[in-house]
Amino acid sequence: MNIQYLPHTADIRMRITGTGLEDLFRAGVIGMGNILKSRFCDRKDRLSLKRQIDITASDGTCLLIDFLSEVLSASCAEKAIFCEVHFFELSERIIRAAIFGRPYNQGFDEEIKAVTYHEADVQRNNEGDWETTIIFDI
């Protein structure tokens, strides 16, 4: 799993890679959590919140964007940051998972308005790993 934050004029651009879809989706959750609060997901504190997410989409790109959008919505609704995901089912079209996080009432470092489809394209690279770029509207 690899997370890189890349320059972008007005938004936050993140490149993620993973050896499998689980790694890729997990990198997305951790990367987004660390944007909301710097290094928040690097801590090993107890994750006391749990939320179930079930999504069906037309392809892997839509599935990842819809999934991260649901995680972002949960973060805003719960005033929490989610850093971990357990998968019950994951394919290029279906995800059934539980996300885990902890409350954070002190305000986010970055207010993410939306997870965008711009530049997102979940695919395998030349090494056989899954990768994509995610742009967050801030």
Enumeration of residues in segment 57-74 that are over 24 Å from Arg46 (Cα atoms) and surrounded by fewer than 16 Cβ atoms within 10 Å (Cβ to Cβ): Ser58, Asp59
Selection count, segment 119-138, where residues are in contact with a Ser or Thr (Cβ under 7 Å, 6 or more places away or on another chain), hydrophobic (A, V, I, L, M, F, W, C) and part of a loop (DSSP other than H, G, I, E, B): 2
Residues (over 19 Å from Glu131 (Cβ atoms) and either surrounded by fewer than 19 Cβ atoms within 10 Å (Cβ to Cβ) or in contact with an Asp or Glu (Cβ under 6 Å, 6 or more places away or on another chain) (or both)) located in segment 75-101: Cys76, Ala77, Glu78, Lys79, Glu84, His86, Phe88, Glu89, Ile94, Arg96, Ala98, Phe100
Asp121 being over 21 Å from Asp45 (Cβ atoms) and more than 13 Å from the chain's Cα centre (by Cα): yes
Subset of segment 31-56 [closer than 17 Å to Asp137 by Cα and β-branched (Val, Ile, Thr)]: Ile35
Strands (runs of 3 or more DSSP E) contained entirely in segment 1-72, each with at least 2 residues that are among the small types (Gly, Ala, Ser) and modelled with pLDDT under 95: none
Residue that is surrounded by the fewest Cβ atoms within 10 Å (Cβ to Cβ), among those in segment 102-117 that are charged (D, E, K, R) and more than 15 Å from Ser73 (Cβ to Cβ): Asp109
Number of positions in segment 2-20 that are of a type outside the set (Val, Ile, Thr), over 17 Å from Ser69 (Cα atoms) and either surrounded by 16 or more Cβ atoms within 10 Å (Cβ to Cβ) or in contact with a strand residue (DSSP E or B) (Cβ under 6 Å, 6 or more places away or on another chain) (or both): 5
Of residues in segment 118-138 being polar (S, T, N, Q) and under 11 Å from Thr61 (Cβ atoms), the one surrounded by the most Cβ atoms within 10 Å (Cβ to Cβ): Thr132
Residue identified as closer than 17 Å to Ile12 by Cα and hydrophobic (A, V, I, L, M, F, W, C) among Ile53, Ile134: Ile134
Residue pairs meeting the criteria (Cβ under 8 Å; at least 6 apart or on separate chains; first under 17 Å from Phe87 (Cα atoms), in segment 59-74; second assigned to a helix (DSSP H, G or I) and of a type in the set (Val, Ile, Thr)): Leu68/Val29; Val71/Val29
Of residues in segment 82-118 being outside any loop (DSSP other than H, G, I, E, B) and without any contact (Cβ under 8 Å) to a residue 12 or more places away in the chain, the one farthest from Arg43 (Cα to Cα): Glu89
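The values are calculated or read from the model by the stated rules, or taken from the named source; none is laboratory data. Values in this document were obtained by computation on a predicted structure and should not be read as measured data. In this analysis, Cβ positions are derived from the backbone assuming ideal geometry, glycine residues included, and neighbour counts consider all displayed protein chains.
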